[in-house]
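Here the structure comes first, spelled out in structure tokens, and everything after it is commentary.
The values are calculated or read from the model by the stated rules, or taken from the named source; none is laboratory data. Keep in mind that what you see is a predicted model, and the values were worked out from it rather than measured. When we count neighbours, we look across all protein chains shown, and the Cβ atoms used for this are built from the backbone with ideal geometry, even at glycine. Keep in mind that these areas ignore ligands, DNA and RNA; they rest on the heavy atoms of the full protein, side chains included. Shrake-Rupley method; radii C 1.70, N 1.55, O 1.52, S 1.80 Å.
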Amino acid sequence: MSTVTQQVDPAVPAGSTRPLSERRPLGDRTFQAIALASGLLVLVILVLIAFSTTQQAVPWFKAEGWGIFGKTWNPATSQFGALSFIYGTAITSAIAVIMAVPVSVGIALLLTEVVPYRWARPIVYVIDLLAVVPSVVWGLWGILVFVPWIAKIYAHIASGVAGIPVLDDLFGSPTSGASFFTAGIILAFMITPIVTSLSREVIATVPAIDREGAYALGATRLEMIQGAVWPHSKGGIVGAVLLGLGRAMGETIAAALVIGSSATITSHLFAPGDSMPAVIANQFPEASGTFRAALIGLGVLLFVFTIIVNVIARAIVGRSAEQGSA
């Protein structure tokens, strides 16, 4: 009695008699085409936005040259230097990130590692609701409620640090309720739910066996977080932080209402200032000619900065994923 041995094609998946090279069903090919078209459409839209806005900003670039990074912004004399707005955007975004990140990561760790699920779920709902509050609501609350209250605190702090090196330059007089620091606080309120939600999702992907292994070796909860949770999650958390930074840089209405609308560069964080999104929102309705082109040019610069931040975030997340799979 002879035994016939059937040769198995390694290109055929287990349990399948159809080679991988066989033409796929129409539904699969249609879905692939739709997905590819959708992805390309996003890229086309971004390119068109960049092209159209840059084209309308050309008069500003031609008129100012490298002067677009000058300090003076005076439409009456046709001087449109954007440095004060770039500075304001950077300062308020930095304040927001410095204040929001420790709180966001702490809340994410609390919800995933400490609080039982039945208690964590309502907190998650509240955080998700805060993430979708419109920016104009944050801005109105800031200018009507928060600014009058915080202005008194600024005055007390300024009097307390008067004459102290460095602190007097940062938190001394002049003080104003609508200021760099106030805008940074409002932006921190706005990005905290976003960074918290993203960080919580990243931390939740840590395999349970890693946590249990750390506990089995005698680790405390803090040591387990340091040795098992953080190495697995740090890339995703950094990406969440950078995405929050991109949101803070691009925020318009809330910043415009509470920053003070003063095109100045100063070390005093309690002084009024301005940012790129805020000045566009405040001055665009009455702008024309080169003035209008300059405001559109600020939008182009902001677009470039936010794209750079998001690309860096994607690169960090991708590098972390490669290290984790190695």
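One equal scatterer on each Cα of region 266-312, no solvent, Debye formula: the resulting log10 I(q)/I(0) at q = 0.19, 0.24, 0.33 Å⁻¹ is -0.72, -0.87, -1.08.
Counting only alpha carbon atoms, the long axis of helix 180-204 and the longest principal axis of the chain meet at about 10°. The 3J(HN,Hα) values that the Karplus relation (6.51, -1.76, 1.60; θ = phi - 60°) gives for region 232-242 are, in residue order, 6, 10, 4, x, x, 5, 4, x, 4, 5, 5 Hz. Gly and Pro appear as x. About its Cα centre, the dipole of region 197-326 is roughly 100 debye, where the only charges are +1 on Lys and Arg Cβ and -1 on Asp and Glu Cβ.
Only protein heavy atoms count here; on that basis, with a 1.4 Å probe, Trp141 has an accessible area of about 100 Å². Quick one: go through region 163-193 and flag any residue whose amide nitrogen is under 18 Å from the point 7 Å out along the Cα-to-Cβ line of Ala131. Counting backbone N atoms under 18 Å from the label point, the list is 187-193.
Put a dot 7 Å past the Cα of Leu217, heading toward its Cβ, do the same for Ala287, and the two dots end up 5.6 nm apart.
Highest average first, the peptides 255-261, 267-273 ordered by how many other beta carbon atoms sit within 10 Å of their residues are 255-261, 267-273. Ranked by the mean number of other Cβ atoms within 10 Å of their residues, highest first, the peptides 148-159, 212-223 come out as 148-159, 212-223.
Convex hull volume per residue, computed on the Cα atoms of the chain, equals 249 Å³.
Placing Val105, Val137, Val58 in order of accessible area, with the largest value first and a 1.4 Å probe, yields Val137, Val58, Val105.
Of the solvent-accessible surface of region 175-326, computed with a 1.4 Å probe over protein heavy atoms with every protein chain present, carbon and sulfur atoms account for 63 percent. When Asp128, Asp274 are compared by accessible area of protein heavy atoms, the largest-first order is Asp128, Asp274, using a 1.4 Å probe. Here Ser173 and Val103 are evaluated by their C-beta separation; at R0 = 22 Å the FRET efficiency comes out at 0.15. Positive end of the dipole of the chain (Cβ unit charges, origin at the Cα centre): among Ala294, Leu167, Ala57, the Cα lying farthest that way belongs to Ala57. Taking amide H atoms as placed 1.01 Å from N in the peptide plane, the amide H of Trp73 lies under 5 Å from those of Gly81, each 5 or more residues away in sequence or on another chain. Dividing the helix sum by the residues of the chain, where each DSSP H run of 4 or more adds -39500 (n - 2.57), gives a mean residue ellipticity at 222 nm of -22000 deg cm²/dmol.
A Cβ-based charge dipole, computed about the Cα centre of the chain with Lys and Arg at +1 and Asp and Glu at -1, lands at about 400 debye. For the chain, the longest principal axis of the alpha carbon atoms and the long axis of helix 117-131 meet at an angle near 50°.
Give me the tail of P(r) for region 159-271 as a percent: Cα-Cα pairs with distance above 22 Å. Summing the P(r) of region 159-271 above 22 Å gives 55 percent of all pairs. Spacing of the modelled spin labels on Ile209 and Leu36, each 7 Å from Cα toward Cβ, amounts to 3.8 nm. Of Ser197, Ser104, the order by accessible heavy-atom surface (1.4 Å probe, DNA, RNA and ligands excluded), from most exposed downward, is Ser197, Ser104. Rolling a 1.4 Å probe over the protein heavy atoms gives the chain an accessible area of 56 Å² per residue. Protection proxy ranking for 230-241, 27-38, 280-291, using the average of other Cβ atoms within 10 Å per residue and placing the highest first: 230-241, 280-291, 27-38. For the pair Asn310 and Leu48 in one chain, pulling the backbone fully straight at 0.36 nm per residue adds 92.5 nm over the alpha carbon distance. A simple spin-label model places the labels of Phe69 and His156 4.2 nm from each other, with each point 7 Å out along Cα-to-Cβ.
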